[in-house]
Ligand SMILES: Nc1ncnc2c1ncn2[C@@H]1O[C@H](COP(=O)(O)OP(=O)(O)OP(=O)(O)O)[C@@H](O)[C@H]1O
Ligand SMILES: Nc1ncnc2c1ncn2[C@@H]1O[C@H](COP(=O)(O)OP(=O)(O)OP(=O)(O)O)[C@@H](O)[C@H]1O
Ligand SMILES: [Mg+2]
Ligand SMILES: [Mg+2]
């Protein structure tokens, strides 16, 4: 499976800071004493912090994410900062985390490759009394138990919002083809679920004619769209589970002589600069953002936690969304 | 001398199985076509065939090179990485125009080919591992070169390479066709082509007959890498972007499958160019069929597996080894 | 037509001894070169990083490698017969998922179910190779596709990740015996068996003979077909079993594991000094090969600041160097 | 000495075998009596090996049946035949090159310890004793491929014989054996027959047949032409039967087809090789050939004659020494360089080093000459066909067409294809390693005559043959090798079996190689 988010342009982490959904501010909380076997107070200044990245930094989302956390680490002035990359192999991520524990990290930030299967690593951390903060993908195991808290987007909701955009944009009548992400990837699962359920609930006039995987890759997205448009010419909208596939679809639509954005509308999730740019150009209809800049928020949370304060177990990012009306101004904040 | 026959010689046979061994892939192609004509909407349409042709180009071009390497009893896993490398260097040189950019992409392929071939021919490393190393490392280098960024291609000349047409036929399809003919000529009627097959058939004997075995091998891997980098250029032109991270992922497997389904044994000593072309088309059509009928990923993978096995089974020669 | 036999026997034998000595050394290197390089790396590693030589870190490396090792053990025997098995990665994943489902019926079913299915897959592949004379590469390539397809088919396109229900089974993946964790102990036991089979059993001899000269072996009246069938079955069972162990360790059957594992296994086997063309090699080399790869990864993590791309370059370059050394030292090098 | 009342222990009835088009056997009957030695003879391609493969379950007959001790048996695979007590040495050595001699002898039936594990020590001990008793004193732990073809053939023999069997089949067991080993083989056969074991013996060496066998079955073009007692069948008649000619057509001349009179030779050697040295293989070997001269290389098995030829042909890297043609030095260790200079080698092991099985007869013939048969790198079919036609006619190559895969040809015809490959290069010096190995009397005669003819045309020829007569009658001069070093040189009339054997057995302190350890120096 390829990274679920890709795009182009810069990844400077100062732009578009993450803001927290106020709604979630009254969820469960966690502190030193409750987590695992209990953790000793610690000042980030003399802490070694490790970050376990899940997928290759070969796409804007991962690049932005890694960079943002690295920068934040510098800002926080931690004693030592190490980072590993699991290269989309779950077993490697487990190894990575264990290796970092063996190197004596005091706190861990983990971007889980998968919602399940990290138990051995997390248990090891817990046993060592090392707090773990998970970002971008939510674990199914319990917060404040196997990890302190989760901070990231709600992928299901991203799917819902894409559906809402589509319903609005198509006036509630459309034949939609879904470009799925890589099979077996939680992001795929949730963005599909959110979208499909929402269509069922609100889009009576909309029927989903095809669901095919584009493996989060542009060329695959293009090929699949070409095939689908040809065999069912009446498709009027595409929902791509990341911008890259959306851009692939765009190329396919233009190739088929149809007019992208009009004859066939395109909606996708990510918020990469390229996609937003296409909205501005009028060839693209909507993008739901998935903000990768976890650094500042993550370290702020760590700081609070290690200094003994309570932190929320669920810190959900408030993702913006881009449509023809706000794309122009939003472009700068896209990553 | 029956032993020798068991190991490789293709015995001309009049039986059905013999016929299938030679024409199996074309037969399969026809079957898939017919099935589609009957059960797939809008299948019998010009733009459909043009889509299939356009989409098959990268795999086909790579498979042509792969066929040469397999003919020498070798294999090349690094082709995907080569495509990525080509994609990575293009944006850096596009400033100087399309031609220099493409040339640099080809040079990248040339270098990889030389490394593969050199390590295999002179040191005698087994092809699969030698090229595996470059498969892993090559894409890494590509990403480093590209600064781990994907870049949209604004250069219209290059983009048009992906969209332009010659007499109603997409340019890249024409290119692929020309390449196929060239490879066929190379194999069937050049000294090099015959030497390549001889080296694949019995390397020691070829050496003792004074054939430039090492040169033949290196050339094969260079040609394979060059074709791969061409496929990379085409990929970039098509997508209108340089995406070194995903371009050509797993294409080595598709290419090898196309070659073998096309009737070229992995044991070397034979290259069936048109079989390879048919093999690539077959895989493409199967893929298209499954998408058009919206078959879920799971079943489409299973179906592909079954079809591959059947296609190779009917045209198996005895004693073909990995 | 007569020559004094006594006189003549001496002359021919005379040349032999020295010739042997030279070969013996080269043989030793090519067979155990991997071990040498491994030792070298361990030394270098402990000198370079004070967190490397620790019991903690090394036992991590041991556990992490054990799963690949079990898979590679099976692949070794397949390669010894001159074949290859590309399906192990997918079978590994399938094994994990089946184990998770099977764990409902206790730890025994959690093991037996995947192993049985693995054997079945091996039986089909082995049958096609041994009795239909098809190329192992293509047969197992189909296996790679098919098995992965099966994984998604039984997990609703990978949208569900079955959890392990049996505690006993979980402890098989995470529990300890004395200092070592179960997977390591099991792996070592399997390798001990593998060593005996390879070195001291008739079956092992036939396996090697088959790889060294299939037609000759057949003419010598060796049960070539049966042995071929056997190695694919064994490979399938071991891969599935490793997958089950892995599921036990991460207490869930993740659908995306094992991607690209076949190539790791093959390189481990080849680094271990086994001829890919078959006929020469041993299991100890494979074990060394597996841990060579593992240690490299660990060292990269010790550095803790390499981007994923650089990591690929490093591992690729290293692989190349090792196989070149391996080949240069190997006596059976064709010129 | 045979009484026909005993039921045949192994029997074939009306066997027909067709290989896609080629009729290898049609309606052949064959009966092997208890404890009898039965010669199976015929031209190359007559169907001998095929019959053997049918008898031992390698091929299934298209028609007919195999009977063992009277009952019909159909062996699915060689294993079944072996278990039924039929042990076979197939044509072309069929062993595992990478495995040790000992492993090869005992593969599949290794001695085992009480735990059922392979008892390596016992295995190696037994193997050593076994091979010693056959006069093959090799290190049984060494990979087989490091032994010469001859030694390998003896290992194959040891394996086949050490399987306790009722029938032992030998398909050209002596094709690359020296007189010494042939002796050993015959002793073994005698021993087997004392135990009442029946033998099927295939060979193209007539005198061997008469020495070993009492019964004979003659095949021609896959048909049975004669079977009966060998003793009352004159040699000439037998040969006539094989070739399908009448005795009157047969030339009654000497054993070989070599002309009696020596060749007229130029004074100046065309090829000179000096100080050829490769550790453990050959030591300071020197030889020279004049145009029109046939130089024989004499020596026992493993003397390093093949190595010497390979060294001259650049097919073996050298530690020391050089080869020069017409005084011009040839880059050593490079086959292409040697070929360009006009020195070509016909390798000993046709299957492994000669033919390219998947290619057609035509392509095998033109292989080396391709560059000069091409224009701008494009092959010219016209030029090829011209060459191929002339070669096939001149050498009487039997093939259904030039496009037939060479692997389907019989041994003799493959050998001719190899020779044709080199003649197409119009070489100056021809290095022949066992040029008549495994080819039938007819073809052998043709090849020998051809060698003679080529010499007359002024080629320099170096001839290695394990058949003494061939070297003795064929060579104008002979260089005798022992343990990779030259021990004697015989000229014209001196070339006799006695002189050769003398040169080989005498305690020669000649070039003892300095590089080697003591145990090597003290030989004999
Ligand atoms: N596997 C095969 N496929 C096709 N043709 C074959 C095969 N094996 C043998 N033949 C053909 O069958 C005929 C008999 O071959 P065979 O090897 O039995 O001859 P032979 O008597 O053993 O000759 P030689 O003395 O050279 O060994 C030949 O014409 C050969 O071309
Ligand atoms: N009887 C033997 N005992 C020991 N080693 C042997 C014997 N026969 C051959 N060899 C080995 O084979 C190699 C050379 O044998 P080879 O057969 O090539 O020499 P040769 O003189 O060409 O004999 P041949 O008649 O088989 O061509 C040497 O490595 C030698 O050690
Ligand atoms: Mg024969
Ligand atoms: Mg020899």
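The values are calculated or read from the model by the stated rules, or taken from the named source; none is laboratory data. Predicted model, so just to flag it, every value in this text is computed and none were measured. Neighbour counts are summed over all protein chains in view; Cβ atoms, including those assigned to glycine, are modelled from backbone coordinates with ideal geometry.
For the structure I just gave you, tell me whether residue C:252 is more than 20 Å from residue C:83 (Cβ to Cβ) and either in contact with a helix residue (DSSP H, G or I) (Cβ under 9 Å, 6 or more places away or on another chain) or buried (at least 24 other Cβ atoms within 10 Å of the Cβ) (or both). Answer is yes for this residue.
Quick one: would you say residue D:79 is over 24 Å from residue D:167 (Cβ atoms) and either touching a residue at least 12 places away in the same chain (Cβ under 8 Å) or within 8 Å of another protein chain (Cβ to nearest Cβ) (or both)? No: the conditions fail for residue D:79. Checking each residue in region A:200-240 for being in contact (Cβ under 8 Å) with a residue 24 or more places away in the chain and away from every other protein chain (no Cβ under 13 Å) picks out A:202, A:203, A:204, A:205, A:206, A:236, A:237, A:238, A:239, A:240. Comparison of C:170, C:129, C:197, C:207 shows that the only residue that is within 30 Å of residue D:170 (Cα to Cα), in contact with a helix residue (DSSP H, G or I) (Cβ under 7 Å, 6 or more places away or on another chain) and more than 7 Å from every other protein chain (Cβ to nearest Cβ) is C:207. When D:54, D:105, D:66 are checked against the criterion of being away from ligand 4 (no atom under 16 Å from the Cβ), away from chain C (no Cβ under 13 Å), under 23 Å from the mean Cα position of the chain (by Cα) and not in a loop (DSSP other than H, G, I, E, B), D:54 stands alone in meeting it.
So which strands (runs of 3 or more DSSP E) stay within region D:316-401 end to end and still have 3 or more residues that are within 11 Å of chain B (Cβ to nearest Cβ)? In region D:316-401, the matching strands (runs of 3 or more DSSP E) lie at D:343-346. One residue alone among D:160, D:156, D:165, D:198 is within 16 Å of ligand 2 (Cβ to nearest atom), at pLDDT 85 or above and either within 12 Å of another protein chain (Cβ to nearest Cβ) or in contact with a helix residue (DSSP H, G or I) (Cβ under 9 Å, 6 or more places away or on another chain) (or both), and that residue is D:156. Within the span defined as region D:460-471, one or more residues are modelled with pLDDT of 90 or more and either within 14 Å of chain B (Cβ to nearest Cβ) or away from ligand 2 (no atom under 16 Å from the Cβ) (or both). All of D:24, D:31, D:12 fail the test of being away from ligand 4 (no atom under 16 Å from the Cβ), in a strand (DSSP E or B) and surrounded by 24 or more Cβ atoms within 10 Å (Cβ to Cβ), apart from D:24. Among all residues of region A:72-79, there is none that is surrounded by fewer than 24 Cβ atoms within 10 Å (Cβ to Cβ), modelled with pLDDT under 90 and within 12 Å of chain C (Cβ to nearest Cβ). Looking only at region D:136-171, residues that are surrounded by fewer than 24 Cβ atoms within 10 Å (Cβ to Cβ) and either assigned to a loop (DSSP other than H, G, I, E, B) or on the phi > 0 side of the Ramachandran plot (or both) come to 9 in all. Return yes when residue D:7 is out of contact with any strand residue (DSSP E or B) (no Cβ under 8 Å at 6 or more places or on another chain), assigned to a loop (DSSP other than H, G, I, E, B) and surrounded by fewer than 22 Cβ atoms within 10 Å (Cβ to Cβ) and no when it is not. Against the criterion (out of contact with any strand residue (DSSP E or B) (no Cβ under 8 Å at 6 or more places or on another chain), assigned to a loop (DSSP other than H, G, I, E, B) and surrounded by fewer than 22 Cβ atoms within 10 Å (Cβ to Cβ)), residue D:7 qualifies. The single residue among D:133, D:74 that is surrounded by fewer than 17 Cβ atoms within 10 Å (Cβ to Cβ), more than 24 Å from the chain's Cα centre (by Cα), away from ligand 4 (no atom under 16 Å from the Cβ) and more than 8 Å from chain C (Cβ to nearest Cβ) turns out to be D:74.
Per-residue answers, yes or no, for (1) closer than 22 Å to residue D:46 by Cα; (2) more than 16 Å from ligand 4 (Cβ to nearest atom); (3) touching a strand residue (DSSP E or B) at 6+ places or on another chain (Cβ under 8 Å):
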{"position": "D:326", "(1), (2), (3)": "no, yes, no"}
{"position": "D:346", "(1), (2), (3)": "no, no, yes"}
{"position": "D:349", "(1), (2), (3)": "yes, no, no"}
{"position": "D:370", "(1), (2), (3)": "no, yes, yes"}
{"position": "D:384", "(1), (2), (3)": "no, yes, no"}
{"position": "D:413", "(1), (2), (3)": "yes, yes, no"}
{"position": "D:426", "(1), (2), (3)": "no, yes, no"}
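Within region D:424-450, if we keep just the residues that are more than 13 Å from the chain's Cα centre (by Cα) and within 13 Å of another protein chain (Cβ to nearest Cβ), the residue that is farthest from residue D:335 (Cα to Cα) turns out to be D:424. In region A:126-156, the residue that is surrounded by the most Cβ atoms within 10 Å (Cβ to Cβ) out of those that are touching a helix residue (DSSP H, G or I) at 6+ places or on another chain (Cβ under 6 Å) and part of a helix (DSSP H, G or I) is A:155. One residue stands out among those in region C:274-294 that are surrounded by 21 or more Cβ atoms within 10 Å (Cβ to Cβ) and over 24 Å from residue C:196 (Cβ atoms): the one that is farthest from the other protein chains (Cβ to nearest Cβ), which is C:293.
Candidates in region B:176-194 are the residues that are touching a residue at least 60 places away in the same chain (Cβ under 8 Å) and within 14 Å of the chain's Cα centre (by Cα); of these, the one that is nearest to residue B:221 (Cα to Cα) is B:183. Condition check for residue A:283 on (1) assigned to a loop (DSSP other than H, G, I, E, B); (2) in contact with a strand residue (DSSP E or B) (Cβ under 8 Å, 6 or more places away or on another chain); (3) in contact (Cβ under 8 Å) with a residue 60 or more places away in the chain: one failure, at (3). With respect to (1) at pLDDT 85 or above; (2) more than 10 Å from chain C (Cβ to nearest Cβ); (3) away from ligand 4 (no atom under 16 Å from the Cβ); (4) outside any strand (DSSP E or B), the lone exception for residue D:216 is condition (4). For residue D:272, state whether it is touching a residue at least 60 places away in the same chain (Cβ under 8 Å) and either out of contact with any strand residue (DSSP E or B) (no Cβ under 6 Å at 6 or more places or on another chain) or away from ligand 2 (no atom under 12 Å from the Cβ) (or both). Answer is no for this residue. Of the residues D:188, D:182, which is within 16 Å of ligand 4 (Cβ to nearest atom) and within 14 Å of another protein chain (Cβ to nearest Cβ)? Matching residue, one of D:188, D:182: D:182. Taking helices (runs of 4 or more DSSP H) as the structural unit, those lying wholly within region D:405-500 and holding at least 2 residues that are within 25 Å of residue B:269 (Cβ to Cβ) correspond to D:411-423.
Selection of region C:50-75 for residues being crowded, with 24+ Cβ neighbours inside 10 Å and without any contact (Cβ under 8 Å) to a residue 24 or more places away in the chain yields an empty set.
Scanning region D:42-78 for residues that are closer than 15 Å to residue D:31 by Cβ and away from ligand 3 (no atom under 16 Å from the Cβ) returns D:64, D:65, D:66, D:67, D:68, D:69, D:70, D:71, D:72, D:73.
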